Amino acid sequence: MVCAGERWCTTQDMRAGGDDDRHRAGSSPPPRSDDTVVELAGVSKRYRQGDSDVVALDAVDLHVRRGEVVGVVGRSGSGKSTLLHVAGGLDRPDSGRVVVGGVDLAGCSLRMLARVRRRHIGFVFQFFQLVPGLTVRENVSLPLSLDGRADPARVDRILDQVGLRAQARRLPSELSGGQVQRVAVARALAAGPDVVLADEPTGNLDSATAATVLDLLADQVRSAGTALVIVTHDPAAVARADRVLIVRDGRLHAASDTPPGREGIPAGTL
Ligand code: ADP
Ligand code: MG
């Protein structure tokens, strides 16, 4: 589907219009299947910095399929966060197509973008980004409540799964870093998204806590059949991925083309 203001039509309709030339030999992604939960095709994004433009994403193609875990590595400034922001409808590309849960984000109003995010995407950030004035339960409930689908029993179940039922009435400031990130994982999964986009989710945790959070995140997405795209420098996270992609100067490469120990792929993980 594509949303243009409040009007919705299908991706099929757009293809029938002949505007889709992604499948040219050489640069094309694999054909879209019904299993695709996120699709980026020819996505580019520049930022203005002073007098010059920085290319953050350069003609990126990406297909994420239902239930797969995709690791994303790369040096600082290579475009990893921009990739997640654009894939998650938090930022708009300058060109190219982004389709999430069957919805083409081009032309979506801000309200529609928010709706697509609530229904299809969960986010986990390095610095947690919980709402400080809300309790653990309220933070986890938020995506469902905002979508008009409040479901206290589901929230209880998820709090049990992340081991935080006893802390449900606490504020984020009353929790440890690992507990806060577990709340963020619970929040990301609360609305039953197609995909969780995680940007260095263990980057601000000590290694023992990071391992716990990573186990939890991986177990939860695997058991829910949710896809996970995880930007990480953590060898344990890379090792858990079904496939690993490298971002280099805004372009995506398969990690299998690059020796471990380079480009941010931790040695010994591939
Ligand atoms: P990474 O997450 O891999 O460290 P980013 O996606 O954050 O990389 O950034 C990619 C490039 O885009 C960097 O050169 C960064 O400085 C630039 N960039 C990212 N966001 C902005 C912004 N909002 N304004 C200007 N430049 C930006
Ligand atoms: Mg980043």
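Residue count for the stretch 117-144 satisfying the condition of being more than 14 Å from residue 179 (Cα to Cα), among the hydrophobic types (A, V, I, L, M, F, W, C), open to solvent by 10 Å² or more (accessible area, probe 1.4 Å) and more than 16 Å from ligand 1 (Cβ to nearest atom): 4.
Which of the following residues is open to solvent by 10 Å² or more (accessible area, probe 1.4 Å), within 16 Å of ligand 2 (Cβ to nearest atom) and touching a residue at least 12 places away in the same chain (Cβ under 8 Å): 95, 81? Break it down stepwise before answering.
Numbers: 95 fails: within 16 Å of ligand 2 (Cβ to nearest atom).
The conditions single out 81.
Take the stretch 169-185 and flag every residue that is surrounded by fewer than 18 Cβ atoms within 10 Å (Cβ to Cβ) and at pLDDT 95 or above. Those that are surrounded by fewer than 18 Cβ atoms within 10 Å (Cβ to Cβ) and at pLDDT 95 or above: 169, 170, 171, 173, 174.
For the structure I just gave you, tell me whether residue 105 is within 11 Å of ligand 1 (Cβ to nearest atom) and either at pLDDT below 95 or crowded, with 18+ Cβ neighbours inside 10 Å (or both). Answer is no for this residue. Residues that are open to solvent by 50 Å² or more (accessible area, probe 1.4 Å) and within 16 Å of ligand 1 (Cβ to nearest atom) were ranked within the stretch 191-235; the one that is farthest from residue 74 (Cα to Cα) is 204.
Checking residue 255 against (1) of a type outside the set (S, T, N, Q); (2) touching a residue at least 40 places away in the same chain (Cβ under 8 Å); (3) touching a Leu at 6+ places or on another chain (Cβ under 8 Å); (4) within 16 Å of ligand 2 (Cβ to nearest atom), which test does it fail? Tallying (1) of a type outside the set (S, T, N, Q); (2) touching a residue at least 40 places away in the same chain (Cβ under 8 Å); (3) touching a Leu at 6+ places or on another chain (Cβ under 8 Å); (4) within 16 Å of ligand 2 (Cβ to nearest atom), residue 255 fails exactly one: (4). Based on what the data block shows, is residue 209 modelled with pLDDT under 95 and either outside any loop (DSSP other than H, G, I, E, B) or closer than 20 Å to residue 39 by Cα (or both)? Yes, satisfied.
The values are calculated or read from the model by the stated rules, or taken from the named source; none is laboratory data. What you are looking at is a predicted structure, and each value in this text was computed from that prediction instead of being measured. Every residue, glycine as well, gets a Cβ built from its backbone with ideal geometry; the counts of neighbours run over all protein chains shown. Heads up: the accessible areas ignore ligands, DNA and RNA and are worked out on the full protein's heavy atoms, side chains in. Shrake-Rupley method; radii C 1.70, N 1.55, O 1.52, S 1.80 Å.
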